[in-house]
1. Of these, Gly271, Gly235, which one is modelled with pLDDT of 90 or more and either touching a Phe, Trp or Tyr at 6+ places or on another chain (Cβ under 8 Å) or buried (at least 17 other Cβ atoms within 10 Å of the Cβ) (or both)?
2. Within the range 29-49, how many residues are of a type outside the set (Gly, Ala, Ser) and either modelled with pLDDT under 80 or farther than 15 Å from Met261 by Cβ (or both)?
3. Would you tally the residues in the range 195-231 being out of contact with any Asp or Glu (no Cβ under 6 Å at 6 or more places or on another chain) and part of a helix (DSSP H, G or I)?
4. Within the range 126-153, track down each residue that is open to solvent by 20 Å² or more (accessible area, probe 1.4 Å) and aromatic (Phe, Trp, Tyr).
5. Going by what's in this entry, would Ile281 be described as aliphatic (A, V, I, L, M), touching a strand residue (DSSP E or B) at 6+ places or on another chain (Cβ under 8 Å) and open to solvent by 30 Å² or more (accessible area, probe 1.4 Å)?
6. Scan the range 154-179 for residues that are of a type outside the set (Gly, Ala, Ser), more than 19 Å from Ser105 (Cβ to Cβ) and open to solvent by 10 Å² or more (accessible area, probe 1.4 Å) and jot them down.
7. Given the conditions (1) open to solvent by 90 Å² or more (accessible area, probe 1.4 Å); (2) within 18 Å of Asn167 (Cα to Cα), which single one is not true for Lys229?
8. Could you check the range 205-254 and list, in sequence order, the residues that are closer than 30 Å to Thr175 by Cβ and either touching a residue at least 40 places away in the same chain (Cβ under 8 Å) or in contact with a Cys (Cβ under 9 Å, 6 or more places away or on another chain) (or both)?
Amino acid sequence: MIVQRVVLNSRPGKNGNPVAENFRVEEVKLSDPITEGQVQVKTLYLSVDPYMVDPKLVDGHLSYFLGGIGMPGLTSLIGIQEKGHVTAGSKQTMVVSGAAGACGSMAGQIGHLLGCSRVVGICGTPEKCLFLTSELGFDGAINYKKGSVAEQLRELCPAGVDVYFDNVGGDITDTVIRQMNQNSHIILCGQISQYNKDVPYPPPLAPDVEAIRKENNITRERFMVLNYKDRFEPGILQLSQWFKEGKIKIKETILHGLENMGAAFQALMTGGNIGKQIVCISEEFTL
């Protein structure tokens, strides 16, 4: 049997952004028929995620893609993924960066459901800001490309920030930390602004920001989904129930065709998606 797969064609370099040309589609022959202990699966949809950048390969640095035969996300079939864990309390203010992406949009909605009195998202376009406030119920949204993020944070979070769900890192994170309250919490889900830079992971904070974090006793915990495998089943059940009740909404950005996997990854890394970035391989089943 001849099938197609996407493989790494070239690396973007230590401080280079990924482009579609870093990937290529090739054909490979599989054994036919399958033997005992094997299964044959027809791919319908592929998930596109930042974790396709593997920081463990080069001494903890983030600037290289996983090489070899393929990439882990390229074999991910349609499924349910839990990437957010938020513990909130009454009258707490939560800020979510990368809020229009899959993790951020879900985290903000869950924050409201778990008791945050105010949820503010940070994203990169007016369209995404409108999506957060009009469709997902965020209390406010900041376009980091327009105006001062610090000033907008002060306006939208007058009581300071208690929970920060961090998907981006860099200057945005530094700005949020400077307005976080005593004994507040950072959930370090991702650092997408740093993934194509030659820096350690998690990226260290600037010295003055680290001093603020320590002085205000702000926790900064790295979130690893595989550390919560015992919560997968109850988490999926709870998310499913909220979805059925209309309490959470899910949005996908879908490109069609395996040949567009590289373009989809490039779009994901540059903020071109709203919600979950997906590549449709076969339309036999509709999401």
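1. On the way: Gly271 fails: modelled with pLDDT of 90 or more.
Matching residue, one of Gly271, Gly235: Gly235.
2. Residues of the range 29-49 of a type outside the set (Gly, Ala, Ser): 29-30, 32-36, 38-46, 48-49.
Of the ones still in play, those that are also either modelled with pLDDT under 80 or farther than 15 Å from Met261 by Cβ (or both) are 29-30, 32-36, 38-42.
So the count comes out to 12.
3. Residues in the range 195-231 being out of contact with any Asp or Glu (no Cβ under 6 Å at 6 or more places or on another chain) and part of a helix (DSSP H, G or I): 15 in total.
4. Tyr144, the sole residue that qualifies.
5. Values: aliphatic (A, V, I, L, M): yes; touching a strand residue (DSSP E or B) at 6+ places or on another chain (Cβ under 8 Å): yes; open to solvent by 30 Å² or more (accessible area, probe 1.4 Å): yes.
Considered against the rule, which asks whether it is aliphatic (A, V, I, L, M), touching a strand residue (DSSP E or B) at 6+ places or on another chain (Cβ under 8 Å) and open to solvent by 30 Å² or more (accessible area, probe 1.4 Å), Ile281 comes out as yes.
6. Restricting attention to the range 154-179, the residues satisfying the condition of being of a type outside the set (Gly, Ala, Ser) are 154-158, 161-168, 171-179.
Still in the running and more than 19 Å from Ser105 (Cβ to Cβ): 154-155, 158, 162, 171, 174-175, 177-179.
Scanning the range 154-179 gives Arg154, Glu155, Pro158, Asp162, Asp171, Asp174, Thr175, Arg178, Gln179.
7. Among (1) open to solvent by 90 Å² or more (accessible area, probe 1.4 Å); (2) within 18 Å of Asn167 (Cα to Cα), Lys229 violates only (2).
8. Within the range 205-254, Ile218, Arg222, Phe223, Val225, Tyr228, Ile248, Lys249, Ile250, Lys251 meet the criteria.
The values are calculated or read from the model by the stated rules, or taken from the named source; none is laboratory data. Quick caveat, the model's predicted, so the values are computed rather than measured. Glycine also receives a Cβ, built like all others from the backbone with ideal geometry; neighbour counts cover every protein chain displayed. Areas reflect the complete protein model, heavy atoms only, side chains present, ligands, DNA and RNA absent. Shrake-Rupley method; radii C 1.70, N 1.55, O 1.52, S 1.80 Å.
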